[in-house]
Amino acid sequence: MEFDVAICGASLAGCSSAILLARAGWRVALIDQASRASAYKVLCSHHIHLSATPTLHRLGLEALLEQAGAIRNGMQAWTRWGWVRPQADPHSAWPTHGYNVRRQTLDPLLRAQAAATPGVTLLMGHKVEQLLWRGKRVAGVIARHDGVLRDIGARLVVGADGRHSRIARLAGCRERVGANGRVGFFAYYDGVEFTAPNDSLIWFREPEQGFAFPNENGSAQLGCYPSRAMAQCWQDNPVAHMEAWLRQLPDFPRFDPARRSSVLLSDQHLQNVSRERARPGLALIGDAAMVSDPLWGSGCTWALQSAGWLADHVQAALGSVSAIDKALSAYARHHRDQTRWHQLLIADFSRIRNFNPVERLMFSAAARDARTATHLHAYGSRAMSVGEFLRPSALGRAAMVNLRHAWQGPAAAFSATPGSSASAQDAAVHVVEVTP
Ligand SMILES: Cc1cc2nc3c(=O)[nH]c(=O)nc-3n(C[C@H](O)[C@H](O)[C@H](O)COP(=O)(O)OP(=O)(O)OC[C@H]3O[C@@H](n4cnc5c(N)ncnc54)[C@H](O)[C@@H]3O)c2cc1C
């Protein structure tokens, strides 16, 4: 079998990439080891940031997602200074919403869209085991199907095979792995009483984090990221411990444990991984390129976006392998530029620590000032670069907000929301933080 491109992995990154490259005239083999087209990633939560919306639009998915019940999402975050409640700004440079949609809905829908795109050959039940080489250039894959090995030749191989990427390993891509001090727990519940039914809610308990995400069809995902040490103490009955811990969070939506609709799901092997994004004849996208702490919910967004970045760079290079390889180097640089600083800060926070001084400055100001809240949300949604987030005017505004807050006294300045645990002591600590 000969194709222009062989994409290993028919999940978010792989399907998106297949659609975009096939539209540009490439003959695409979209390969996945799962045997059913309805397969989906189970260990995932479902907040897709607003910065992914342009890619979903480009893929022609927005209307389909909304028909399937996907929720146009917002985000609210509880901090020790109170709630950060960003407002959607129709005049901002970024979209007003992302989507909350379960992977069991999203993955099959995106895969069907890919399979229906002229030029895409979907090969389910094919496990990629080896790479084909032409000299030092990757030239295809060898996949096992029904016990039989098949050579699939291609001018470009795309590794979209997730966080344990076999493709990256076979190609010898360099990688940097950072430990994650937290563990993920979550389960699904029906009938959760959200006061803002479209907003994903997160609680920064420093260092633990809790979350409540409304999803399509009235299903909600409730969960948390406790430290490994805390998770160790929960071993006797993790679901009961998780529910008790969630219930003590300020303003946590009411839920009935009896209406839990799934088993407890847990990811005990969280890591941050950055890999070399490209080699001659090979590109990595999605989690294969970079695995990020799920606490920040950025992985799906980057999976979708990186497929777009790859297509933008290589789609005009179909003519020759040297043009493809040049385009791959440019893609790798672009991916690094877009994600490197975000990933660095994410990896640092996942070593289990409380907010650092800059985070304290921005989160506390965001809890008190709508503009800083929107600024913080754009950064956390990965719509804004780290440099832009930390631009002097934004830091200065945050410092002014906090100084004003300190002068006016916490009782007057803090518009407390019911159940907020912000205290005078927090405000006092805060003055010390912003003085330098
Ligand atoms: C607990 C948890 C919670 C998360 N929550 C969020 C969230 O709220 N928001 C968010 O944006 N992200 C979240 N993420 C991250 C998100 O799940 C990933 O970033 C995203 O799934 C990456 O998509 P992908 O297409 O790159 O890879 P995957 O979705 O992992 O897909 C990889 C595909 O490759 C296939 N494959 C693998 N090996 C082979 C092979 N040898 N041959 C053929 N096929 C192969 C697999 O079958 C699979 O279909 C979370 C992750 C975890 C662990």
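Scanning the chain for trypsin sites (Lys or Arg not before Pro) in DSSP loops with at most 14 other Cβ atoms within 10 Å, what's the longest stretch left with none? Formally, the longest exposed-site-free interval is 175-350. With an a/c value of 1.5 or above and a/b larger than b/c for the gyration tensor axes a ≥ b ≥ c computed over the alpha-carbon atoms, the chain is described as prolate. Maximal additional length on extending the Ala196-His164 stretch stands at 7.9 nm, based on 0.36 nm per residue less the C-alpha distance. GNM on the chain, C-alpha springs below 10 Å: top fluctuator among Gln113, Gln221, Gln248? Among Gln113, Gln221, Gln248, the largest GNM mean-square fluctuation belongs to Gln248.
Taking the Cα centre of the chain as origin and assigning +1 to Lys and Arg Cβ atoms and -1 to Asp and Glu Cβ atoms, the resulting dipole is close to 1040 debye. Per residue, the stretch 184-267 exposes an accessible area of 41 Å² to a 1.4 Å probe, with every protein chain left in place. Between the Cα long axis of helix 299-314 and the first principal axis of the chain there is an angle of about 40°, rounded to the nearest 10.
Computed extension length for Asp348-Gln408: 18.2 nm, one decimal, from 0.36 nm per residue of separation with the Cα-Cα distance subtracted.
For a modelled paramagnetic label at Arg174, 7 Å from Cα along Cα-to-Cβ, the residues of the stretch 262-290 in reach, with backbone nitrogen under 14 Å, are 274-279.
Cα centroid separation, the stretch 244-321 to the stretch 78-157: 10 Å. Taking the chain as a Gaussian network of alpha-carbon nodes connected by springs under 10 Å, the highest mean-square fluctuation of the residues Gly140, Gly178, Gly218 belongs to Gly218. Overall shape: rounded for the stretch 200-274, with the ratio a/c of the largest to smallest alpha carbon gyration tensor axis below 1.5. Rolling a 1.4 angstrom probe over the chain with all protein chains present gives an accessible area of which 54% lies on carbon and sulfur atoms.
Enter the angle in degrees (range 0 to 90, nearest 10) between the Cα long axis of helix 12-23 and the first principal axis of the Cα atoms of the chain, meaning the one along which they spread out most. Helix 12-23 sits at roughly 50 degrees to that axis.
Report relative contact order for the stretch 110-163 in percent, whole number only (criteria: Cα-Cα under 8 Å, sequence separation at least 6). Answer for the stretch 110-163 is 23 percent. Counted over the chain, the DSSP beta bridges are approximately 70% antiparallel. Mean-square fluctuations from a GNM of the chain, with a 10 angstrom spring cutoff on Cα atoms, peak among Leu110, Leu345, Leu132 at Leu345. By the gyration tensor of its Cα atoms, with a ≥ b ≥ c the square roots of the eigenvalues, what is the shape of the stretch 108-192: rounded for a/c under 1.5, prolate for a/b over b/c, or oblate? In terms of gyration-tensor shape, oblate. Within a straight-line Cα-Cα reach of under 22 Å, Lys41 can be paired with the following lysines, leaving aside sequence neighbours fewer than 8 residues apart in one chain: Lys127. Backbone geometry of the stretch 349-362 corresponds, through the Karplus equation with coefficients 6.51, -1.76 and 1.60 at θ = phi - 60°, to 3J(HN,Hα) couplings of 5, 7, 7, 6, 8, 7, 4, 7, x, 5, 5, 4, 4, 6 Hz, x marking Gly and Pro. Work out the FRET efficiency for Asp146 and Gln268 from their Cβ-Cβ distance, taking R0 = 35 Å, and round it to the nearest 0.05. Efficiency computed from Cβ-Cβ geometry: 0.60.
On a per residue basis, the stretch 75-143 carries 42 Å² of accessible surface, using protein heavy atoms and a 1.4 Å probe.
The values are calculated or read from the model by the stated rules, or taken from the named source; none is laboratory data. All of these numbers come straight from a predicted model, not from anything done at the bench. Every residue, glycine as well, gets a Cβ built from its backbone with ideal geometry; the counts of neighbours run over all protein chains shown. Surface accessibility is based on the protein's heavy atoms, side chains included, excluding ligands, DNA and RNA. Shrake-Rupley method; radii C 1.70, N 1.55, O 1.52, S 1.80 Å.
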